[in-house]
Amino acid sequence: MSKNLEIKKQVVSDIVKKFQDAQSVVIVKYSGLTVEDATALRAQFRANGVEYVVLKNTLVRRALNELNIEGLDDVLNGPSAFAFGMSDAVAPAKIISDFITKKKNESPIEIKAGLLGTELMDEAQIKELANVPSREVLLARLLGSLQSSIAGFVRVLDAIAKKDGEAATEEA
């Protein structure tokens, strides 16, 4: 076996691992992106635990075949960059959507498709995913809901106790 083929097999296995470890993946067309914008975008990705890489489409196709993920063959043409959301499924979609919004439709980045787990997503679904609140916001909302339920329960118990106390003083 040639050394080149061994290297490609290793790269494919690394790509398979990235897809397996990622909670979500957003595939973008990045041609025309300035160095300044690319650097800023990469910094945002890094700060949010997103791995952003440019990969060869043929190697990604092989990796997806190994994972039995279908439906991306027509997307994997031309320059493709991949944003792997390792710890947060929403982060890649949110960062890319915010970048496109800031550029007011003059952005050279175009969302091609994505994956949430192993489920294929189109551009509209990725934009919907970007509108989901962050994990911290969702946890804060959940905590607030739990606290308000408990506080309401305590007020009810307190009211019952006061009512019983008033009834006991009236009897005496």
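The values are calculated or read from the model by the stated rules, or taken from the named source; none is laboratory data. All of these numbers come straight from a predicted model, not from anything done at the bench. Please note: Cβ atoms are built from the backbone with ideal geometry, for glycine as well, and neighbour counts cover all protein chains shown. Heads up: the accessible areas ignore ligands, DNA and RNA and are worked out on the full protein's heavy atoms, side chains in. Shrake-Rupley method; radii C 1.70, N 1.55, O 1.52, S 1.80 Å.
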- Query: Does at least one position in the range 57-79 carry a residue that is without any contact (Cβ under 8 Å) to a residue 40 or more places away in the chain, open to solvent by 50 Å² or more (accessible area, probe 1.4 Å) and over 30 Å from residue 4 (Cβ atoms)?
  - Reply: no
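Among 87, 97, which is the only one that is touching a residue at least 12 places away in the same chain (Cβ under 8 Å), within 26 Å of residue 133 (Cβ to Cβ), out of contact with any Phe, Trp or Tyr (no Cβ under 9 Å at 6 or more places or on another chain) and surrounded by fewer than 16 Cβ atoms within 10 Å (Cβ to Cβ)?
87
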When restricted to 24, 31, 13, the only residue under 15 Å from residue 80 (Cα atoms), open to solvent by less than 70 Å² (accessible area, probe 1.4 Å) and not β-branched (Val, Ile, Thr) is 31
Checked against (1) closer than 30 Å to residue 60 by Cβ; (2) surrounded by 10 or more Cβ atoms within 10 Å (Cβ to Cβ); (3) at pLDDT below 80, residue 105 satisfies every condition except (2)
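Conditions tested, residue by residue: (1) under 14 Å from the mean Cα position of the chain (by Cα); (2) in contact (Cβ under 8 Å) with a residue 40 or more places away in the chain.
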position	(1), (2)
115	yes, yes
119	yes, no
128	yes, no
139	no, no
144	no, no
147	no, no
153	no, no
159	no, no
Contact list, first residue from the range 15-37 and within 15 Å of residue 103 (Cβ to Cβ) and modelled with pLDDT under 90, second anywhere and among the hydrophobic types (A, V, I, L, M, F, W, C) and not in a helix (DSSP H, G or I), beta-carbon distance below 6 Å, six or more apart or interchain, is 30/81; 30/109
